[in-house]
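These notes are about the structure you will find just below.
The values are calculated or read from the model by the stated rules, or taken from the named source; none is laboratory data. This is a predicted model, so every value here is computed, not measured. Virtual Cβ from ideal backbone geometry, glycine too; neighbours counted across all protein chains shown. Just so you know, the surface numbers come from the protein's heavy atoms only, side chains and all, with ligands and any DNA or RNA stripped out. Shrake-Rupley method; radii C 1.70, N 1.55, O 1.52, S 1.80 Å.
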Amino acid sequence: FFTQTGFPCPNLRNPSDHFLRTINKDFDEKIVKSSKATRKTAAEAIDILTQAYQSPAYLEKTVSKIAEMKQINGGASFRRREQASFSTKLLVLTRRSFMNMHRDIGYYWMRLGVYVGIGLCLGTIFYQVGNSYSSIQVFKRERMSGHYGVAEFVISNTLSATPYLALIAVIPGAMLYYLTGLTKGTDHFAYFVITLCMCTLLVESIMMIIAALVPDFLMGIIVGAGVQGVLMLNGGFFRLPHELPKPVWKYPFYYISFHKYAVQGLYKNEFMGLTFPSDQLVQANTTISGIQVLQEKLEVEMGYSKWVDILILFGMMVIYRLIFFVVVKIGEEVRPKMRKMGRK
């Protein structure tokens, strides 16, 4: 039907998704503004589809199909079904999102390839570094159509994205971890991978908030890079905590930067339990413990374990997802009012 009317469904795309995209009016303003736009507006598509549906040839087939379905149903008339339950919506959205991520090469597979390349690059540059002291916009469209709620989208997106983010963390992480010769042990490697996974989830959560606030794709990338850069610079890696200016950069940016907890957790994972030759100290033939390095050289907060750092990262990820939920819900209320004001 879509092919005959001039709206063929692309390969590997869900027909219902294609139908919703074809008749959705959310992108009509962009199409009208673009002088080179060849795609028909939603209003034009609806007129074409309506005329084709009401044509004698197709209408006769439709009436015949409805009569056949009524006979299967015992002759009873069709009743409008109640809206699906929360759990059903969540299951369907999770499955659909997972399949879309699997099919789209640019979604996670290309990122996996890039991260593998980065892992190889860093791993070979710091090969066996040693441990001596001297070397230390779809969501908005379907939501406005009323097909599902914000809560279902947030939860399903998190569930469907987590396996791919875990894959991205494990493969490049393993290459980087063992090439550089970091502390051996399954528990140390597991912590390293979990931290990477939590960081990727946090980055995605921040970018989802920015995407909900910033309408333009390019502007969103610029704003996202700026936010990530500010958080990274104040995470205690490039400058030690006592070196950060206290107004603004240490309070509050240092404490709200997820890089702080990721870096300190990784430091604890690597240095605790180790001993290093103190060849740069005044005393000869002495050693320095990993805890001394953490406390005196890296200024790591030792009042809690590395697993608390993981819990803090997880809590920050949940908070960012809740912020995204609130931003979208507020946007649903504000956007229609702004459109009405613009028309006036």
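Remarks
- Approximating the spin labels as points 7 Å out from Cα along Cα→Cβ, the Ile291-to-Leu274 distance works out to 1.7 nm.
- Accessible-area value, His259, 1.4 Å probe, nucleic acids and ligands omitted, Å²: 30 Å²
- Exceedance of the 25 Å cut-off in Cα-Cα distance is limited, within the set Lys184/Lys268; Lys306/Lys329; Lys89/Lys329; Lys250/Lys306; Lys184/Lys306; Lys89/Lys306, to Lys306/Lys329; Lys89/Lys306.
- Using the Cβ-Cβ distance between Phe1 and Ala67 with R0 = 25 Å, the FRET efficiency computed as 1/(1 + (r/R0)^6) comes to roughly 0.85.
- Accessible carbon and sulfur surface of segment 185-344 relative to its total accessible area, %, 1.4 Å: 71 percent
- Solvent-accessible surface ranking, highest first, for Glu333, Glu204 at 1.4 angstrom: Glu333, Glu204
- Gain on full extension, evaluated as 0.36 nm per residue between Ile323 and Leu218 minus their Cα-Cα distance, stands at 35.6 nm.
- Cα-based shape type of segment 221-274, given that a ≥ b ≥ c are square roots of the gyration tensor eigenvalues and the cut on a/c is 1.5: oblate
- Averaging 1/r over every pair of different alpha carbons in segment 236-336 and inverting the result gives a Kirkwood radius of 16.2 Å.
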